[in-house]
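Okay, structure first, notes after.
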Amino acid sequence: MNSLKILEESSLTMERVLPVAIQITDSERRMIKDAVDHLERKYGTFENREFVMQVHQLASYFLPERLLKVLASFASDFSREQYGALIFQGLFDIDQEKIGKTPPNWQSADYSKFNQYGFACALLHGALPSKPVQYYSQRKGGGLIHAIIPDEKMRDTQTGSGSATDLYVHTEDAFLKHQADFLSFMYIRNEEQVPSTLYSIRSHESIHEDYKPLFDPIFKIPKDANLKTEAEEIDTLDAILYGNKELPFMRFDAAEQLFNPDIKQTDIAHHALSKFWQEAKHLIYSDFTPQAGDVIVVNNHLCAHGRSAFRAGIKNINGVEHTCERRIMLRMMSKVSLIDMRGHTLKEDPFFVIEEHLGKNFKDF
Ligand code: RE
């Protein structure tokens, strides 16, 4: 009995799908740096529309062959074996001195310091191929990269600026029909050594019978903590799982869909979500602690992300606490098609998404 159990467990671990880690070689890193230097001279900023428009062609021209292959297959592989996260280790050397002290919050970040990193991330999205976009629902747009910085005033929130609590795994903007297809997270500094958490729908061995209701549009999908308006009625419902019935995609945010006390899911909806979470919470992957210069790319339909709680500005060396520069991460989001979401982008700017909640746009536009 016992030995059988062990056997089953080991075959299970053998089959477990995990994020793919790719060590960038010195020559690949040099190629990327040379490309970025060239592009910066030519286009100035990575926000330059000429650059963003041609990002696919530029990516194929400048990125190392191996990365192009990995990224192209990542974008079209939704198989049983595809976790939905790629980890590029040492993609870019980060000039810590040039960045200087970590600003107190994202509002006071100097984005000119992140320009080269923006080019590098945009090329990765370009290779998928997917187009960098911005969302009004996040920082009213705020550009194609967002600096994620722990903010003392926000430390207890379920937002990128929080730190004191675990940030529950979530797919980005689960409350939007046209949420990002791909995300990149570039780590500028992580001296606190905070592990990133990832959770893939492919980590479930199969889509259990009990999860079938997750395909039905019976769920309240509230907007996230950044956007809360008081006691807002949620009248549009949606599904948690979609796409292929056996190898589905997901829009999932445990904190909002399951633990938000203000929304009342129906009993059927709540039951299905709880069952799902009972299994999902054991499948969260947190064995990777990103270092400066690492980039995680996720398929936002397959893989959710989060992070463990940490103390901003404190690092631990052999059990002794030292102060350190607080963490900085750069997030970029992209869409494969600008056409499908055209009803939800600015008239003059198809890269600027104005969807507020499940197919409804912000009224200001
Ligand atoms: Re996120």
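The values are calculated or read from the model by the stated rules, or taken from the named source; none is laboratory data. All of these numbers come straight from a predicted model, not from anything done at the bench. All Cβ positions, glycine included, derive from the backbone under ideal geometry; neighbour counts span all protein chains shown. Heads up: the accessible areas ignore ligands, DNA and RNA and are worked out on the full protein's heavy atoms, side chains in. Shrake-Rupley method; radii C 1.70, N 1.55, O 1.52, S 1.80 Å.
Among the residues of the range 280-297, is there at least one that is of a type in the set (K, R) and within 16 Å of the ligand (Cβ to nearest atom)? No. Checking each residue in the range 99-114 for being more than 16 Å from N190 (Cα to Cα) and surrounded by 12 or more Cβ atoms within 10 Å (Cβ to Cβ) picks out Q107, A109, Y111, K113.
Looking at the range 261-307, the strands (runs of 3 or more DSSP E) lying wholly inside it that each contain 1 or more residues that are charged (D, E, K, R) and surrounded by fewer than 19 Cβ atoms within 10 Å (Cβ to Cβ) sit at 285-288. Taking the range 231-253 as the range and being out of contact with any Lys or Arg (no Cβ under 8 Å at 6 or more places or on another chain), open to solvent by less than 60 Å² (accessible area, probe 1.4 Å) and at pLDDT below 95 as the test, no residue passes. The set of residues in the range 155-167 that are hydrophobic (A, V, I, L, M, F, W, C) and within 14 Å of the ligand (Cβ to nearest atom) contains only L167. Of the residues making up the range 299-310, one or more are within 16 Å of the ligand (Cβ to nearest atom), aliphatic (A, V, I, L, M), at pLDDT 95 or above and touching a helix residue (DSSP H, G or I) at 6+ places or on another chain (Cβ under 7 Å). One residue stands out in the range 130-158 among those that are of a type outside the set (A, V, I, L, M), in contact (Cβ under 8 Å) with a residue 24 or more places away in the chain and closer than 16 Å to G118 by Cα: the one that is most open to solvent (accessible area, probe 1.4 Å), namely K131. Screening I240, I268, I221 for residues that are within 16 Å of the ligand (Cβ to nearest atom) and not charged (D, E, K, R) leaves exactly one candidate, I221.
For the range 79-98, the tally of residues that are hydroxyl-bearing (S, T, Y) and surrounded by fewer than 21 Cβ atoms within 10 Å (Cβ to Cβ) stands at 1. In this structure, does G126 turn out to be over 21 Å from E325 (Cα atoms), modelled with pLDDT of 95 or more and surrounded by fewer than 19 Cβ atoms within 10 Å (Cβ to Cβ)? In short, no.
Among the residues of the range 321-339, those that are in a loop (DSSP other than H, G, I, E, B) and of a type in the set (D, E, K, R) comprise E325, R326, R327.
Can R311 be described as more than 19 Å from the chain's Cα centre (by Cα) and either closer than 30 Å to V17 by Cβ or surrounded by fewer than 18 Cβ atoms within 10 Å (Cβ to Cβ) (or both)? Yes: the conditions hold for R311. I'd like the residue in the range 317-334 that is away from the ligand (no atom under 16 Å from the Cβ) and of a type outside the set (D, E) and, out of all such residues, is nearest to W106 (Cα to Cα). The qualifying residue nearest to W106 (Cα to Cα) is R326.
For the range 168-215, the set of residues classified as assigned to a strand (DSSP E or B), within 13 Å of the ligand (Cβ to nearest atom) and either of a type in the set (S, T, Y) or farther than 29 Å from Y136 by Cβ (or both) consists of Y168, S184, S196, T197, Y199, listed by residue number.
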